[in-house]
Amino acid sequence: MTCTTIGKEIVRGTICRDRWNITVLVNHSGPVPLNRLSHLWLSIDWNPDTGNRAVELVLRSQTPSSGGQVRFNGPDGPDRRTFTGDSQLLLALYGTRASGGTAPDVFLDVVVDEEIRQSIGLRVETQPQTDVEAGLDQLQAELAIAAQPTRPTDPAQQPVWDRYARLFTDARALADALPAIPPADIPAVGGTVTARPFDMEEIKNHLRSHGQPDRLAETKAVGRTDAFDPFRGHWRGDWRQKFSCPPAFSVCQDHQWGDTVALAGQPHLYVQRVRLGDDSRPYREGAAACTALTEAERDLTVPAVNLINIQTGVIVGAVGVRDTPDSAGVVAKRPHVGFYVGHGRLLWVAEESLSADGNDVTYSVFYEIREGDPVDRPLYTIQGFELRWQRDRNSIQGDITTKAGQYLKIMTAEERELERQFRDRALQPGHLEQLYYRRQLERLTPEDVTAFLNNPVTSAAVQAYLERLLEFVTQQKALAEAPTGPRTAITFILGEEPEDAANQFYNSARGFFTVNPAGPLIANLHTLVEVRDYLSNQAPTSPWGEINIVVHANEEGGMSIPVAAGGENITRQLLQQAIAAGNFAPLTDARVDVRTTLRIRGCALGQSQAMLTLLSTAFGGTDLQHPVVRAPRHLQAYSSRWTGTQTNITEVEEFPVEFWLAGWPGAVGQQPTRATLVQQFTLNNPGVALDWDAALRGRVAGVTQETRSRTFTYTFAFTYPTSNPPTIGTTQAQRLAWLRANSSFETDIQQFGHTVDDYAWQIAVNIQ
């Protein structure tokens, strides 16, 4: 900004003289852009003010037929404006012809009482056309570097990362140097100006927090994919900034905040693209006039980007793009670093300017605040201050000036109705089409989702979504209630004595967990009840973290240990019976909860989701604090190499082994022909490029085969009200036909290469 002050004594009269003092302040932003509007602030103060005098501003080209030319208001606007009495207002200048050289060739003459009291030189420059989309791409790429948790190894990226890291460093130093800041004058949307104080303690605590042990702002921001969502949309309002000359001026501004989305290839980085700009038409006094402008009158020429690393909680931003990157390779005109204060409340530190030696910086520190009624008066307020910072002294130089703005959300009738329905808990298909609403829904409480469900729902898709959402947020609530912090791990290697004493699988697993311990290693238990009792009788300071159980298993959900001593090896049915009979009581929430992981390290058990669910219930009960159960879908394998008498382990490994399965009814000796098995393997494994015939002949390197004999039990039960029982039939054939038509059981068993006709089915259909 260039500030020109004109102070003159004005004398009128012939026989007697009248004397006045006049002060004229003219504040303009430098070169006038060609074919675009820029702004000029004018302040006129007469003393005394009798209201009968005038000041005229005249735009005069040095060379009328060539060189620079400027008009007021637009390309066809006047070249002079007259003002009577005291005035304070923002004027619009429009460059209609570019200047002929580097020197000013257009003059703004300040005429008082028909006398030119001051001439202010202006130049008209051709402004580069801003490609907003290209600028957004540039800023996005830069912020992806700045948000990395550690300094990049690429030398070209290091100066960029250093620049933003230095902003965080300066923010910590600023916190110690900031004095009390006077309230900021906020030009409210209603047309008034409201003074609002700063919460200096809150500001200082957040500015100090980056990289510190408490990580105040970043801890709150971790996982917040919705950090920028409250500001999404089109906002328009009044921006007011104080300068030494004049005391303050305002301008209408547009902000268009887009959706927040994950960066392609970097899903931990969430980015929001923003477009903004000053009003390019003549200034209209007051925020109420700003928000009255229509969609067609928008002027969004400045790109801006906000970015959050949801893994670390680091927030960075940038506004504007340089014509060429600076010496550090930074393309942003105004690099930012951000601090998450709360939902709808962000604190930023923005580098406004930087001296050539990097020592003197002009910083803005400001809040972005989402407030007001979301339907009737949605508001977005900026409240901040600006200062000069001297890095070598860690000190503030000169005065601190405040700045503020308030913007009203400009909404179509459809957008406003969607917002009203959301507020009133009436979910519509249109809500599900927008990330903005879906992220809000996913953070609701179970009670809030129930309120949506209790309202009339006209769409089956919305009903299904809300039912799934209720289950999800209920689980999220349980997760939030489970204690966080360090937890204890433990590992059990099971197996039955004496036959498993020399088992290579268990011995190699023992070697692996000896070299790679996951908590205490327990190898003298041989039933699931013993494992449960051991976990119950120990007393960790918090629930168990990871429970590893190494045991032979299979894809149907079987495990090669009994539930209790003397029993058969575990199946889903046997475990279910033990739970129902009270022979396998769940652990308390103080021992296992939703943050506990029960990891079964046994072959292919992960293919039986039903067994994983049952194990979670067995150990954790039916409340929401049951543990997460994981198991491999492939074969689980271990290897180890020992020296001496198995006292020195030289090499260990844990690895999965891919496998494919086909089956047949009857004993091992009733194996089908190789051609039949080839057909089964081909049908069961579409897309697997393996010569099944050669594999069955043992002629494919690295592929071996193993034949196992196991008993399978399938149970299908259907319950119907007695008031309307289905027609099933009484014969085996009729019931089988009904089951085939009304259930998925046939598809379920065919995954193992079986068919219904292979078995003598015991078919039970319960009607109650």
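Worth pointing out:
- Taking first residues from region 25-40 that are within 9 Å of G95 (Cα to Cα) and partners that are open to solvent by 20 Å² or more (accessible area, probe 1.4 Å) and assigned to a strand (DSSP E or B), the Cβ contacts under 6 Å between residues at least 6 apart in sequence or on separate chains come to L37/Y94.
- Region 179-202, residues that are in a strand (DSSP E or B) and open to solvent by less than 20 Å² (accessible area, probe 1.4 Å): A184, I186, P187
- Note on region 324-428: enclosed strands (runs of 3 or more DSSP E) holding 1 or more residues that are of a type in the set (A, V, I, L, M, F, W, C) and touching a helix residue (DSSP H, G or I) at 6+ places or on another chain (Cβ under 6 Å) are 332-342, 345-354, 395-409.
- Of the residues making up region 112-124, at least one is at pLDDT below 90, basic (K, R) and on the phi < 0 side of the Ramachandran plot.
- Looking only at residues of region 400-437 that are among the small types (G, A, S) and surrounded by 14 or more Cβ atoms within 10 Å (Cβ to Cβ), we find that the one that is farthest from W348 (Cα to Cα) is A426.
- Residues satisfying the stated conditions in region 565-580, i.e. open to solvent by 70 Å² or more (accessible area, probe 1.4 Å) and assigned to a loop (DSSP other than H, G, I, E, B): A565, G566, E568
- Yes/no for D176 being in a helix (DSSP H, G or I) and open to solvent by 30 Å² or more (accessible area, probe 1.4 Å): yes
- For region 203-220, filtering for residues that are part of a helix (DSSP H, G or I) and under 21 Å from D176 (Cβ atoms) leaves 8.
- Residue list for region 532-582, filter: without any contact (Cβ under 8 Å) to a residue 60 or more places away in the chain, more than 16 Å from I522 (Cα to Cα) and of a type in the set (S, T, N, Q): T541, S542, N569, Q576, Q577
- Residue match in region 358-365 (condition: surrounded by fewer than 19 Cβ atoms within 10 Å (Cβ to Cβ), touching a strand residue (DSSP E or B) at 6+ places or on another chain (Cβ under 9 Å) and more than 29 Å from L269 (Cα to Cα)): yes
- Breaking point among (1) more than 30 Å from S43 (Cα to Cα); (2) assigned to a strand (DSSP E or B), for G223: (2)
- Sole exception among (1) closer than 30 Å to Q272 by Cα; (2) in contact with a His (Cβ under 6 Å, 6 or more places away or on another chain); (3) of a type outside the set (S, T, Y) for L90, by number: (1)
- In region 588-605, the residues that are open to solvent by 10 Å² or more (accessible area, probe 1.4 Å) and of a type outside the set (D, E): T588, A590, R591, V594, R595, T597, R599, R601, C603
- Residue match in region 515-525 (condition: modelled with pLDDT of 95 or more and among the polar types (S, T, N, Q)): no
- Of the residues making up region 480-493, those that are at pLDDT below 90 and either closer than 17 Å to A553 by Cβ or of a type in the set (G, A, S) (or both) are A480, G485.
- Some residue of region 203-220 being aliphatic (A, V, I, L, M), modelled with pLDDT of 95 or more, closer than 22 Å to A350 by Cα and open to solvent by 30 Å² or more (accessible area, probe 1.4 Å): no
- Scanning region 97-144 for residues that are among the β-branched types (V, I, T) and under 19 Å from R273 (Cα atoms) returns T130, V132.
- The set of residues in region 690-724 being modelled with pLDDT under 85, farther than 24 Å from A553 by Cα and open to solvent by 60 Å² or more (accessible area, probe 1.4 Å) consists of A717, T719, Y720, P721, T722, S723, N724.
- Looking across region 638-654, the residues that are buried (at least 16 other Cβ atoms within 10 Å of the Cβ) and touching a Ser or Thr at 6+ places or on another chain (Cβ under 8 Å) come down to Y638, S640, I649, V652.
- Residue within region 606-621 that is assigned to a strand (DSSP E or B), hydrophobic (A, V, I, L, M, F, W, C) and touching a residue at least 24 places away in the same chain (Cβ under 8 Å) present: no
- Tabulated pairs, region 168-184, first free of Cβ contacts under 8 Å to residues at least 24 places away in the same chain, second open to solvent by less than 60 Å² (accessible area, probe 1.4 Å) and in a helix (DSSP H, G or I), C-beta under 9 angstrom, 6+ apart or interchain: A180/M200
The values are calculated or read from the model by the stated rules, or taken from the named source; none is laboratory data. Only a predicted model underlies this, so the values are computations on that prediction, with no experimental measurement involved. Here the Cβ is made from the backbone with ideal geometry for all residues, glycine too, and neighbour counts use every protein chain on show. Ligands, DNA and RNA are excluded from the accessible area calculation, which covers all protein heavy atoms including side chains. Shrake-Rupley method; radii C 1.70, N 1.55, O 1.52, S 1.80 Å.
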